[in-house]
Each structure stands twice: as C-alpha cells, then as structure tokens.
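> A single structure is presented below for examination.
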Amino acid sequence: MKKILLFTLVALLATFFIDRVYSERNQAQLQQTVINEIKKTNQSKEEASILDFNELCDFRWDKVYVFGPETTRSEVNEKLGFTWSEAKAKGIGKDKKDNFIVFVENNQVTQYLKIPASYGTIVPKTSVANES
C-alpha cells in the first residue's frame, strides 16, 4: 500500500512540474509572438500597437485586458471584476517597467504576459476589453 501511495505521489508531482514547465515555455513563446507582432505593426513607439489577440492566441479566453505600467493591483482587480489573487506575485503594481496583458475566461485569469513598456502602448483589436 505504501508503494502505491508513494508511486501516486511521485506521479502527481511529476505531472505538476511537467505542466508548469510546459506552461512557462508556452508563456515565453506567446510573449515573443506578441513582441514580434508589436515590432511588425508599430514603426513608431509614439503610435499604439493594435493587436488581434484572437489570431495570436491558441488558448481559450473571454476577455483580454492590457494594463499599463502605472496600474495598481486594486485598479486591476476593479477592472477585472474579481480579485486576482496572484497579481502581487506576478509583479502588478510593483514593477513600473512592464505592461501586463491579462486573459480571462469565466472570471478567472487563464494567462498573463509581461511586455516591457519600452514597446509602447498595446491596444487589443475590436471586440475585446482594453484597460490601461
């Protein structure tokens, strides 16, 4: 019985770590995709980059929010309409050097991206939420 429990625990931990690594890799790839799209669409940093996240993202989400570097956690939670418990851990309201793109499905954050503010203003293309 102990061997079965130990095996189950090891399998669960392995699954957790594999999922975490896969998720971080996907997040890094999406971040690079967004940055490449910004570079492609925005020749001048004074102009906003209008991005179609429907085309850029291959995961499910209902809304996308773009928060500028000066946005506080309380402002993020207010705009989202719920408390994002991981906002502090992700650096929102702390690091004034990044834009945050937050994807929401069913009132839960499904994905987020940090994009350096040096890439300028990011605006989602039609039919999605935008907050800065």
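The values are calculated or read from the model by the stated rules, or taken from the named source; none is laboratory data. None of these values were measured; they are calculated from a predicted model. Cβ: placed from backbone, ideal geometry, glycine included. Neighbour counts: every protein chain shown.
Here is a yes/no grid of residues against (1) among the charged types (D, E, K, R); (2) touching a Ser or Thr at 6+ places or on another chain (Cβ under 9 Å); (3) farther than 19 Å from Thr110 by Cα:
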| residue | (1), (2), (3) |
| --- | --- |
| Asp52 | yes, yes, no |
| Leu56 | no, yes, no |
| Pro69 | no, no, yes |
| Leu80 | no, no, no |
| Ser85 | no, no, no |
| Gly91 | no, no, no |
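> Tell me which residues, restricted to segment 92-105, are modelled with pLDDT under 85 and among the aliphatic types (A, V, I, L, M).
If the condition is that a residue be modelled with pLDDT under 85 and among the aliphatic types (A, V, I, L, M), then Ile92 is the only one that fits.
> Out of Ala14, Ala87, which single residue is surrounded by 10 or more Cβ atoms within 10 Å (Cβ to Cβ) and at pLDDT 75 or above?
Exactly one of Ala14, Ala87 is surrounded by 10 or more Cβ atoms within 10 Å (Cβ to Cβ) and at pLDDT 75 or above, namely Ala87.
> Quick one: Glu24 ticks every box in (1) modelled with pLDDT under 85; (2) part of a loop (DSSP other than H, G, I, E, B) except a single one, so which number is it?
Condition (2) is where Glu24 drops out.
> Tally time: how many residues in segment 106-132 are at pLDDT 90 or above and at positive phi?
Total meeting the criteria: 2.
> Still on this model: Of all residues being outside any loop (DSSP other than H, G, I, E, B) and either under 12 Å from the mean Cα position of the chain (by Cα) or small (Gly, Ala, Ser) (or both) in segment 52-76, which is nearest to Gln31 (Cα to Cα)? Just the residue, please.
Phe53
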